[in-house]
Amino acid sequence: MAKPPRVQFICQNCGATHQRWAGKCDSCGAWNTLVEEGTSGGIGSGPASLRAARKGRAVALTSLDGDIEDAPRIISGIGELDRATGGGFVRGSALLVGGDPGIGKSTLLTQAAAALAARGHRVVYVSGEEAVAQIRLRAQRLGVATSPVELAAETNVEDILATIADGRRPDLVIIDSIQTLWTDLADSAPGTVTQVRAAAQAMIRYAKSTGAAVVLVGHVTKEGQIAGPRVVEHMVDAVLYFEGEGGHHYRILRTVKNRFGPTDEIGVFEMSDKGLREVANPSELFLGERHAKAPGAAVFAGIEGTRPVLVEIQALVAASSLGTPRRAVVGWDGARMSMIIAVLEAHCGVRFGTHDVYLNVAGGYRISEPAADLAVAAALVSSLTGLALPADCVYFGEISLSGAVRPVAHAQQRLKEAEKLGFGQAVLPRTSEDLAGGIGGKAFQPAELADLVARIAG
Ligand code: TYD
Ligand code: MG
């Protein structure tokens, strides 16, 4: 007697499977995310697992010596994109581009597709969200309507694979978006974890077996996750996030995972009415028009991936009318700001107790480096005392809870970028690196945060 098909409940947030329905997922703690899905179509289940096993061949690692070169790449010629992918799309790999709806993912990939097609590659753009006519309209707006990119409006994986199997092997296949795909092998609705996982698996298998590069587009939820299928992130070779702040024209393509290149790399673009424009020198962008004489602004010399980026950090410390003063941070970690405030109060005799504190990173930029501590502290003290910082000074360094200023990596590179942009002074940790070449010797290297505070209040 055939067993009745087993049902499972799959968390649409993290992809964990549960035997019984529950209001809350044990695995990720999300509420109301369990959805009943059939078990067929899972990898290794169904008829596929009945095929006869084939013997593979194991090779000695050392025997690979010499015949492996760098991963073969397809270069788009869009510098910022190639930088973020680690030097171009890798053949036979799958890449996920995530981002909020409307941020410009389709725009970016249309431009990339056109650039690659112009270099003689066969590029297929599969859209499950827009009709071919709509893609054409966008291409017209981007000025690439005559490019030899092939367009297809399909959502079924088997149809897509049949479509692209026609003709020359494609070099790049773009799937916009993974959430619209569905495969005959799984019987859940499109957009569910089971479908997205099975469809992604099929596309990744296609990439590996044909040597084409496959780009999957994924939408991100409000909480900043690729909607539903976090699981896809683990399956692909590289994950890029396309992000930007509301109201700003800048878009940042950020590498969060890359099996073939560096992570934490960024590509910077500006959205215009004719599509995305590369921003080759992001420092100039994030420094904006600086009002040098205003208190509360400090320039942080940061590093994103392999590239130095100068960003202005702005603080506003104002007397509060509230019992509990407000603390608000945009573009940096709020907990870290509280920590800096606590260190300033404990070790430097500065009082923020009755003040509201606001911190903003200019240009809609987001900083994750602890090296920004020193710049944040300088901006806070400058705003509190009403004394402007020197306009041509950059800051970087990590602050420990004891008030010590700790060294950070890439000091030389940060100083070089600052010099290039006309900065003449730096406040940085004491490092063993030889900094004689940097900043013309005008560097202040405090051992303690208190030294910097004394100098600002000076
Ligand atoms: P889109 O690429 O469709 O976003 P996604 O695929 O991430 O959902 O971009 C949509 C937004 O970009 C839309 O608000 C209009 C804007 N846009 C421009 O400003 N200039 C352009 O040239 C294009 C094509 C779009
Ligand atoms: Mg889109």
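Only the coordinates and a few stated rules stand behind these numbers; no lab work does. Computed from a predicted model, the values in this text were never measured in an experiment. Virtual Cβ from ideal backbone geometry, glycine too; neighbours counted across all protein chains shown.
Put simply, the Cα atoms of the chain extend 84, 53, 52 Å along their principal axes, the longest span coming first. Taking the centroid of alpha carbons for each part, the stretch 259-310 and the stretch 336-352 are 28 Å apart. Within the chain, the selection of entire DSSP H helices by a Cα span of 24 Å or greater along the long axis and an average Kyte-Doolittle value of at least 0.0 returns 193-210. Entry note, the chain: relative contact order of 12 percent, from Cα contacts under 8 Å with a spacing of 6+ residues. In terms of packing, defined here as the mean over residues of other Cβ atoms within 10 angstrom, the peptides 139-150, 116-127, 206-217 line up highest first as 206-217, 116-127, 139-150. The alpha-carbon of K293 sits under 23 angstrom from the alpha-carbons of these lysines, leaving out residues fewer than 8 places away in its chain: K420, K442. Take each peptide in 321-327, 104-110, count the other Cβ atoms within 10 Å of every residue, and average; sorted highest first, the result is 104-110, 321-327.
Beta bridges from DSSP with both residues in the stretch 285-457: antiparallel share about 60 percent, rounded to the nearest 5.
Expressed to the nearest 5 percent, the antiparallel share of DSSP beta bridges inside the chain is 55 percent. Packing, as the average of other Cβ atoms within 10 Å across residues, places the peptides 13-26, 415-428 in the order 415-428, 13-26, highest first. If both residues of a DSSP beta bridge must be in the stretch 71-280, then about 45% of such bridges are antiparallel. Return the lysines within reach of K257: Cα separation strictly under 27 angstrom, same-chain partners fewer than 8 residues apart disregarded; answer none if there are no such residues. Leaving aside lysines fewer than 8 places away in the same chain, those within reach of K257 are K105, K208, K222. Here K416 is the anchor, and the aspartates and glutamates within straight C-alpha reach of less than 18 Å, apart from those fewer than 8 places off in the same chain, are E284, E304, E312, D392, E433, D434.
Between R326 and S63, the modelled label-to-label distance comes to 6.8 nm, taking each label 7 Å out from Cα in the direction of the beta carbon.
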